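The values are calculated or read from the model by the stated rules, or taken from the named source; none is laboratory data. Since we're looking at a predicted model, the values are computed, not measured. With ideal geometry, Cβ positions are generated from the backbone for all residues, glycine too; neighbour counts draw on all protein chains shown. Calculation scope for accessible area: heavy atoms of the full protein, side chains included, ligands and nucleic acids excluded. Shrake-Rupley method; radii C 1.70, N 1.55, O 1.52, S 1.80 Å.
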Amino acid sequence: MGVNLSEGDRLEVFGDENPDQHADEAAQRWGDSESFSTSARRTSSYGKQDWLDLRREGEEVEQRLAQLLESGVPADADAATSAAEAHRSYISRWFYDCSSQIHVGLAQMYVTDPRFTAHYERRATGLAQYVHDAIVANAAAADT
């Protein structure tokens, strides 16, 4: 991910998480893509405050989606697709231009890759599928 922080700052921003844990796999899978190079370029310039802001915003987006799920809001409701759009915009702002098509591909990973699924399920049971469904509904609405 191009995290250039001191060990102390890295610990403060990421805690026990290792942001480079899947770097080799990501480079192997997507290293030749424009999205990967854009993300690497952007994140390599981020300082501690950028990473803190990025993580805070990501937490807010995911918390909003979890609250909608827990409130029983359907994944294709306006509030859920709006939250999915906020998720897409977050990725575009911090990492790379995330088109609706790319976003749907990410959504598929959220329900097929156990690591992504576990990330969302730690926040709320069923959240990975809900995020997937909200992203798909948002993309479908954007295509009409």
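Here the condition is being hydrophobic (A, V, I, L, M, F, W, C), in a helix (DSSP H, G or I) and over 12 Å from the mean Cα position of the chain (by Cα); of 139, 84, it holds for 139 alone. Summed over the stretch 36-59, the residues that are hydroxyl-bearing (Ser, Thr, Tyr) and either surrounded by 15 or more Cβ atoms within 10 Å (Cβ to Cβ) or assigned to a loop (DSSP other than H, G, I, E, B) (or both) give a count of 4.
Provide a single number: the residues in the stretch 13-66 that are among the aromatic types (Phe, Trp, Tyr) and at pLDDT 80 or above.
2
Going by the conditions given, is residue 62 free of Cβ contacts under 8 Å to residues at least 40 places away in the same chain, open to solvent by less than 40 Å² (accessible area, probe 1.4 Å) and within 30 Å of residue 8 (Cβ to Cβ)?
It is false that residue 62 is free of Cβ contacts under 8 Å to residues at least 40 places away in the same chain, open to solvent by less than 40 Å² (accessible area, probe 1.4 Å) and within 30 Å of residue 8 (Cβ to Cβ).
Does residue 99 count as surrounded by fewer than 17 Cβ atoms within 10 Å (Cβ to Cβ), closer than 20 Å to residue 39 by Cβ, polar (S, T, N, Q) and over 11 Å from the mean Cα position of the chain (by Cα)? Spelling it out, residue 99 is indeed surrounded by fewer than 17 Cβ atoms within 10 Å (Cβ to Cβ), closer than 20 Å to residue 39 by Cβ, polar (S, T, N, Q) and over 11 Å from the mean Cα position of the chain (by Cα).
Give the residues of the stretch 118-143 that are surrounded by fewer than 18 Cβ atoms within 10 Å (Cβ to Cβ) and β-branched (Val, Ile, Thr), sorted by residue number.
Within the stretch 118-143, just 125 meets the criteria.
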